[in-house]
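Undergrad: My questions will all concern the structure given below.
The values are calculated or read from the model by the stated rules, or taken from the named source; none is laboratory data. It should be emphasised that the depicted structure is a prediction, and the values quoted were computed from it without experimental measurement. Cβ coordinates were reconstructed from backbone atoms using ideal geometry, including for glycine residues, and neighbour counts include every protein chain displayed.
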Amino acid sequence: MRTLRIDGCKTPASRLVRAVAAALMLSVAVSLCGFTGQCNEIRGRVLRLHVLANSNSKEDQQLKLKVRDCVAKAAADVFGDAENQADALMLANDSLDELRQAAQQCVYDEGYDYQVKAELAKMYFTTRRYGAATLPAGTYDALRITIGDGRGDNWWCVVFPPLCVSAAAKSPELSDVLEPGQEKIVAEPQRFQIRFKVVEIFEGIANFFRGLFD
């Protein structure tokens, strides 16, 4: 009969199990820290696009998609010379009125009088897949287009590099702006499912508390 404790002391077997468990936990923590750092780098190399509908009525949701197409077409020209996120942010800032006017004209052409607002914002996004790429949850720089009251469901994408909008011939691809390790994360998310989920939980909590102080 094996005794696990003698005079309050742990047996060698018990100490070994705890040591192995601690080593595994440390390994996971180190791995997650590296993964989190890579996710931070990914967020700092792309520019998201966010289109917010006036309401959730069928008509307003259809209008949102029309505006999306108009903004995407205008964005192809605006971001054609961008080589990195800094370029994209500068070009977006310089072209905000142009992009707003493209969206506003689309609204008028569809027979509505909603006013449109265009701005650069820091926004929280959940883990999202765009074609073959999956971007981790977190706070990203975004070009936000708000139609009217902006109380409807939104549509989001990546405008730089252009993952789901029209692209100029010389526009970079995602592989051009990410390091090999970061590219592997977005291209092979099935290898990082648990870490993606942990990051999403952590970032969701962090976003909740940020909202309390905004």
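Undergrad: Of all residues in the range 88-118, which are without any contact (Cβ under 8 Å) to a residue 24 or more places away in the chain and within 21 Å of the chain's Cα centre (by Cα)?
TA: Met90, Leu91
Undergrad: Pairs needed: first member in the range 174-195, within 23 Å of Val159 (Cβ to Cβ); second member anywhere, of a type in the set (Ser, Thr, Tyr) and part of a helix (DSSP H, G or I); C-beta distance under 6 Å; at least 6 residues apart or different chains.
TA: Glu183/Ser175
Undergrad: Any idea which of (1) within 16 Å of the chain's Cα centre (by Cα); (2) surrounded by 14 or more Cβ atoms within 10 Å (Cβ to Cβ); (3) not aliphatic (A, V, I, L, M) is the one Lys122 doesn't satisfy?
TA: Just one mismatch for Lys122, condition (2).
Undergrad: Could you say whether any residue in the range 138-154 is outside any strand (DSSP E or B) and more than 13 Å from Lys64 (Cα to Cα)?
TA: Checked the range 138-154: no residue is outside any strand (DSSP E or B) and more than 13 Å from Lys64 (Cα to Cα).
Undergrad: Continuing with the same structure: Please go through the range 157-180 and give me each residue that is assigned to a helix (DSSP H, G or I), at pLDDT 90 or above and surrounded by 13 or more Cβ atoms within 10 Å (Cβ to Cβ), ordered by number.
TA: Val177
Undergrad: On the given criteria, is Tyr108 on the phi < 0 side of the Ramachandran plot, assigned to a loop (DSSP other than H, G, I, E, B) and of a type in the set (Phe, Trp, Tyr)?
TA: So Tyr108 does not fit the description; no.
Undergrad: What about Gly148, is it closer than 24 Å to Gln61 by Cα, at pLDDT 90 or above, of a type in the set (Gly, Ala, Ser) and surrounded by 13 or more Cβ atoms within 10 Å (Cβ to Cβ)?
TA: yes
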